[in-house]
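Novice: Encoded as structure tokens, here's the structure I'll be asking about.
The values are calculated or read from the model by the stated rules, or taken from the named source; none is laboratory data. Since this is a predicted model, take the numbers as computed values, not measurements. Heads up, the Cβs are rebuilt from the backbone with ideal geometry, glycines too, and the neighbour counts pull from every protein chain shown. Note: areas computed on protein heavy atoms with side chains; ligands, DNA, RNA excluded. Shrake-Rupley method; radii C 1.70, N 1.55, O 1.52, S 1.80 Å.
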Amino acid sequence: MTQQAWEECLQRVEKVREEIGKVLVGQRDVVDQLLWAVFAGGHALLEGVPGLGKTLLVKTLSQAFELSFQRIQFTPDLMPTDITGTNILRVDETGQQSFQFQKGPIFAHVVLADEINRATPKTQSALLEAMQERTVSAGGVTRTLPDPFFVLATQNPLEQEGTYPLPEAQMDRFLLKIEVPFPTEDELKEIVLRTTAGQISAVEKVASAAEIADIQQAARDILVADSVLGYAVKLLLATHPGEGANESVNRYVRTGAGPRGVQAMVSLAKVRALLGGRFNLSYDDIDAVALPALRHRLGLNFEGEANGIRPDRIIQEILVGLKDERA
């Protein structure tokens, strides 16, 4: 990528941030992490209590891009065919009957899976093929989804009533998990002023699918030194219990992160490096993406869950223990 092309890339990303800022108050880190997922070509899971603007953020992001958008509100009675689509019986003017596939809302560039953990596991699993293969199989026919394709899902904390934990296989297919924090006092004041004044800011489309593809390709071209890659691999391996592992890992972790974990870290770190104006990865890039890339891939044992241990705490302890590896 030339210097001019790189500068244009950064300008487009900044315009996207500005458009989102017209509607969403604060949450800069959340916005950045969501952009990492988009430009890395992956899916994102946002978790937070109701009312923090998760749905608004995803909807605004889709409006800033020239991409089709569909929202799926997950409920306990939602069926898999409500997502993927189904064959329906058509009768033409001559009375001839035939089956025709009616596409579901999954056939869009940006799919907002709202409150995904409100649906049953059977329905949640309907997203598995779409997220991994970018295809939908129905009636013996495999149909390709639009390109680019992103599932941006929101969920409420599992402690709330009426929720179903996501299957581990599906959690692993999310490139990162973003925890949405509660607004500060000043942000709350601004939210109240914006929402009660009756003024709605229009979001302009500032990036096309082709421009997103250019940024994704530029991120893939970022160089990774063998030492930095080795550091990322050691970080992943350190999440697995066993001899020589961190004390908290051995005590609280049932299963560590799989190979997708290190793939996610490197992909996200490349985007972070690109948006930071660098053409090679640093140790800081790996550290910065470790929490969102790994927090949903650690399986805690009974003792960890009973004591309320958070995966973030374990990952942070691992990062502290690996400081000497940053040579």
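Novice: Starting from the 7 Å offset along Cα-to-Cβ, what nm value, one decimal, do you get for the label separation of GLN217 and VAL192?
Specialist: 5.0
Novice: Here's another thing I want to ask about it. Say each of ALA225 and ASN280 gets a label point 7 Å from the Cα, pointing the same way as Cα to Cβ; how far apart are those two points in nm?
Specialist: Distance between the two pseudo-spin positions: 0.6 nm.
Novice: Over the heavy atoms of LEU56, what accessible area does a 1.4 Å probe trace out, to the nearest 10 Å²?
Specialist: LEU56 exposes around 70 Å² with every protein chain in place.
Novice: May I ask you to give the percent of accessible area on the stretch 55-119 that is carbon plus sulfur, with a probe radius of 1.4 Å?
Specialist: Looking at the stretch 55-119 in its full context, I get 48 percent from C and S.
Novice: Using mean Cβ contacts within 10 Å as the protection proxy, how do 238-245, 113-120 order, highest first?
Specialist: The most tightly packed comes first, giving 113-120, 238-245.
Novice: Per 0.36 nm of contour for each residue apart, how much would the distance between THR135 and ASP92 grow if the chain were fully extended, relative to their Cα-Cα spacing?
Specialist: Roughly 12.6 nm would be gained on extension.
Novice: Give me the 1.4 Å probe accessible area per residue for the stretch 231-300, excluding ligands and nucleic acids, in Å².
Specialist: Result: 38 Å² per residue.
Novice: Taking the Cα centre of the stretch 107-213 as the origin, how large is its charge dipole in debye, to the nearest 20, when only Lys and Arg (+1) and Asp and Glu (-1) carry charge on their Cβ atoms?
Specialist: The calculation lands at about 440 debye.
Novice: Cut-off under 23 Å on the C-alpha distance; same-chain residues fewer than 8 positions from LYS15 excluded. Which lysines are left, in chain and number order?
Specialist: Within the straight-line cut-off, LYS15 pairs with LYS54, LYS59, LYS205, LYS270.
Novice: If you bin every alpha carbon distance in the stretch 240-294 into 5 Å steps from zero, what whole percent lands in each bin?
Specialist: With 5 Å bins starting at 0, P(r) equals 4, 20, 21, 18, 17, 9, 7, 3, 0.
Novice: Given the rule -39500 (n - 2.57) for each run of at least 4 DSSP H residues, summed and divided by the residues of the chain, what is its mean residue ellipticity at 222 nm, to the nearest 500 deg cm²/dmol?
Specialist: -13500 deg cm²/dmol
Novice: Another one. Suppose each label sits 7 Å from its Cα in the direction of the beta carbon; what would the ARG310-GLN73 distance come out to in nanometres?
Specialist: 3.0
Novice: Same structure, new question: Place a point 7 Å from the Cα of PHE182 along the Cα-to-Cβ direction; which residues of the stretch 37-62 have their backbone N under 18 Å from it?
Specialist: 47-54
Novice: Let me ask something additional. For the stretch 153-288, with all protein chains present and a 1.4 Å probe, just round the carbon and sulfur fraction of the accessible area to a whole percent.
Specialist: 54
Novice: Which value, in debye to the nearest 20, gives the size of the charge dipole of the stretch 187-327 about its Cα centre, when Lys and Arg are +1 and Asp and Glu are -1 at the Cβ?
Specialist: Roughly 220 debye for the stretch 187-327.
Novice: Would you check the accessible area of ASP92, probe 1.4 Å, heavy atoms only, in square angstrom rounded to 10?
Specialist: Estimated to the nearest 10 Å², ASP92 gives 80 Å².
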